Amino acid sequence: MSGAEYGLTGDFIFKSAVSFLKGKKPLMAEQYRELSDECRAKAFTVSGYTSMEVLQKFLEELSQACENGTTKRDFLDSMNDFLTRNGYQGMDPFHADVIFRTNMQSAYNAGHYKSMTDETTKKLRPYWKYVTAGDGHVRDTHAQMDGRIYAADDPIWDIWYPPNGYRCRCSVVSLTKKQVERSGIPVSTSPPYDVDYETGEILYRYPDKGFSNNPAKDAWRPDLTGVDPVLKKVFLGKNKDLPEKDAR
């Protein structure tokens, strides 16, 4: 997608994508699984690896790939060289693809989000449209969002902002009011849903498990309610870049 599509330069989006990746915090898988979807957006882990040194290396390689435009093949070769030199089993191409594609999509979509929520851009292009890859590999739930248009500030984007699953290829584009009118597509105000015709129950559709959040918007906000004031002070002193939840 071109930067012009958002009213801003691609360089702006690119730098935001790099900043997003560099802002993630590596965690071991057990710790990562205990986090809420919102917190996971700012954390990073790789299944099968527990060393913080290895996890940090993964994050550095992904950040460099985003910043320098290196390929998935380069990422796989560089990481496997590091892993085997340090006594770990290397990755297979499929595992590397899942890690690379999911993290690159998260980063680039975070960059797009920052561009589209720029005050001037949002005023000129106040509607967003969900777009899938449009092929036979699109998941059914994601396909139900394809082509839907919502207001840029609709709460739907707190849940359905891509990536919405591992290896998700969906994206969001911004639109002017005139573009929406010309499209003939009504502006949606509710999530996609199916109806159980036996019971009449409305079944709302959500992203894949663990992806019902907006990674570009959510911040890691540790809940320190009830924590001893002294311990709270020490924690915040060591983690100045992590916003606190209900820290009073």
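Using a 1.4 angstrom probe on heavy atoms only, work out the carbon and sulfur share of the accessible area of the stretch 31-155 in %.
Here it works out to 46 percent.
Among K22/K129; K178/K209; K57/K129; K129/K178; K24/K177; K42/K209, which pairs are too far apart, with a Cα-Cα distance over 25 Å? Each step should come with its number before you reach the end.
On the way: K22/K129 28 Å; K178/K209 36 Å; K57/K129 35 Å; K129/K178 14 Å; K24/K177 35 Å; K42/K209 17 Å.
Flagged as over cut-off: K22/K129; K178/K209; K57/K129; K24/K177.
Determine ³J(HN,Hα), in whole Hz, for all residues of the stretch 110-118 in sequence, where each value follows from phi through the Karplus function 6.51 cos²θ - 1.76 cosθ + 1.60 and θ = phi - 60°; x replaces Gly and Pro.
5, x, 4, 4, 4, 5, 6, 8, 4
In units of 2.2 N^0.38 Å, what is the alpha-carbon radius of gyration of the stretch 81-227? Before the final figure, lay out each step's value.
Values: Rg = 18.4 Å, N = 147, 2.2 N^0.38 = 14.7 Å.
In units of the 2.2 N^0.38 Å rule of thumb, it is 1.26.
Determine the per residue accessible area of the stretch 68-189 with all protein chains present and a 1.4 angstrom probe, expressed in square angstrom.
On the way: 6200 Å² over 122 residues.
Ligands and nucleic acids excluded, the figure is 51 Å² per residue.
Rounded, prolate or oblate: which fits the stretch 20-149 when a ≥ b ≥ c are the square roots of the eigenvalues of the alpha-carbon gyration tensor, with rounded for a/c under 1.5 and prolate only if a/b beats b/c? Each step should come with its number before you reach the end.
Numbers: a/c = 1.92, a/b = 1.76, b/c = 1.09.
Cα axes put the stretch 20-149 in the prolate bin.
Sort F58, F14, F94 by heavy-atom solvent-accessible area, probe 1.4 angstrom, most to least.
Details: F58 0, F14 60, F94 130 Å².
Reading off the accessible areas and sorting them downward yields F94, F14, F58.
The values are calculated or read from the model by the stated rules, or taken from the named source; none is laboratory data. The model shown is predicted, which means the values in this text are computed figures rather than measured ones. We work out accessible area using only protein heavy atoms, side chains counted, and drop any ligands, DNA or RNA first. Shrake-Rupley method; radii C 1.70, N 1.55, O 1.52, S 1.80 Å.
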